[in-house]
1. Can we say Ile90 is under 26 Å from Leu24 (Cα atoms) and either touching a Leu at 6+ places or on another chain (Cβ under 8 Å) or free of Cβ contacts under 8 Å to residues at least 40 places away in the same chain (or both)?
2. Do we have any residue at all in segment 168-180 that's buried (at least 19 other Cβ atoms within 10 Å of the Cβ) and within 16 Å of the ligand (Cβ to nearest atom)?
3. If you check every pair at least six apart or on different chains, which have Cβ atoms under 8 Å apart with a residue in segment 147-165 that is more than 17 Å from Gln176 (Cβ to Cβ) first and a residue that is more than 13 Å from the ligand (Cβ to nearest atom) and open to solvent by less than 10 Å² (accessible area, probe 1.4 Å) second?
4. Kindly indicate whether any position in segment 34-41 is in a strand (DSSP E or B) and within 16 Å of the ligand (Cβ to nearest atom).
5. Read through the list (1) away from the ligand (no atom under 13 Å from the Cβ); (2) touching a residue at least 12 places away in the same chain (Cβ under 8 Å), then give the number of the only condition that Asn185 fails.
6. Would you confirm whether or not segment 228-247 contains a residue that is within 16 Å of the ligand (Cβ to nearest atom) and either outside any loop (DSSP other than H, G, I, E, B) or buried (at least 21 other Cβ atoms within 10 Å of the Cβ) (or both)?
7. Every residue in segment 29-43 that is open to solvent by 60 Å² or more (accessible area, probe 1.4 Å) and without any contact (Cβ under 8 Å) to a residue 40 or more places away in the chain, please.
8. Being surrounded by fewer than 17 Cβ atoms within 10 Å (Cβ to Cβ) and away from the ligand (no atom under 16 Å from the Cβ) is the filter here, so list the residues in segment 113-135 that pass it.
Amino acid sequence: MFSFFKKKEPAPDLSLAPKDFSFLGADMHSHLVPGIDDGAPDLETSLQLIRGLHELGFKKLITTPHTHLDFYDNTREKITDNFTKLNRFITDHRLGLELGIASEYFLDSLFQNAILPHGLLSFGDKYVLVEVSMAGWPRGFSDIIFGIQSLGYTPVLAHPERYLFEEDVRVYQEHQSRGMLFALNLLSLSGYYGTGVQHLAESYLKSELYQFCGTDLHHERHLSRLRRMATNHPEIMLKLAEYPHWRNTQL
Ligand SMILES: [Fe+2]
């Protein structure tokens, strides 16, 4: 008999859900270099956070201190010098995981004039993590992106789901068609940043917008929310594990 009702999709087998993030291999977004942004304040805290991420299954951490001249006087040299100290400290503790360094670049006119001409800290295949204001696109956004690409880098926009001023996936897809990539914040799916962000993350995931995902870890609270997500939310973990486009594993 003809039915108006669509066949229900079979319920996912939650017993297949991973209990940690080892299926990703690497995290590509965090604030673990001590004392230079709003992340870890000192070496001991960095060690605790790095230990926590290792226990959550990550084998490699590419940490990304903010480059945002209005708030932090971070230059390429300052970031790499401080990272070298952190890396030495972590190596001495023999945690058995690899650390890498890049930066999360805030895109504005200062970036274009004072940062970009000196070269950028990238990860993997010349990927550059970028963010914009939560209030709206910076003036000349497409030109800034083009400027980054002209130097051979591939821009990766951090947490598009957190930009509530732009909810039209087609805008992001347009940028994607011109070579931009996108990185999900893992905690967005847990509702940590609110239900609006959570729903956008789910919908962008469904649209297969993302190529990377990261913890964007700043402090212990993020760590405990990630633990809770891994243990208590098999439906999210399964969705993440089944997503076919993560490039984290290549890093
Ligand atoms: Fe970040």
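1. Values: under 26 Å from Leu24 (Cα atoms): yes; either touching a Leu at 6+ places or on another chain (Cβ under 8 Å) or free of Cβ contacts under 8 Å to residues at least 40 places away in the same chain (or both): yes.
For Ile90, the condition - under 26 Å from Leu24 (Cα atoms) and either touching a Leu at 6+ places or on another chain (Cβ under 8 Å) or free of Cβ contacts under 8 Å to residues at least 40 places away in the same chain (or both) - is met.
2. No.
3. Correct list of pairs: Leu151/Leu120; Arg162/Val197; Leu164/Val197.
4. No, there is no match, as no residue in segment 34-41 is in a strand (DSSP E or B) and within 16 Å of the ligand (Cβ to nearest atom).
5. (1)
6. Scanning segment 228-247, I find no residue that is within 16 Å of the ligand (Cβ to nearest atom) and either outside any loop (DSSP other than H, G, I, E, B) or buried (at least 21 other Cβ atoms within 10 Å of the Cβ) (or both), so the answer is no.
7. Pro41, Asp42
8. Correct list: Asn113, Ala114, Pro117, His118, Gly119, Asp125, Lys126, Ala135.
The values are calculated or read from the model by the stated rules, or taken from the named source; none is laboratory data. Fair warning: this is a prediction, and the values are worked out from it, not measured in the lab. Heads up, the Cβs are rebuilt from the backbone with ideal geometry, glycines too, and the neighbour counts pull from every protein chain shown. Just the protein is used for accessible areas: all its heavy atoms, side chains included, with ligands, DNA and RNA removed. Shrake-Rupley method; radii C 1.70, N 1.55, O 1.52, S 1.80 Å.
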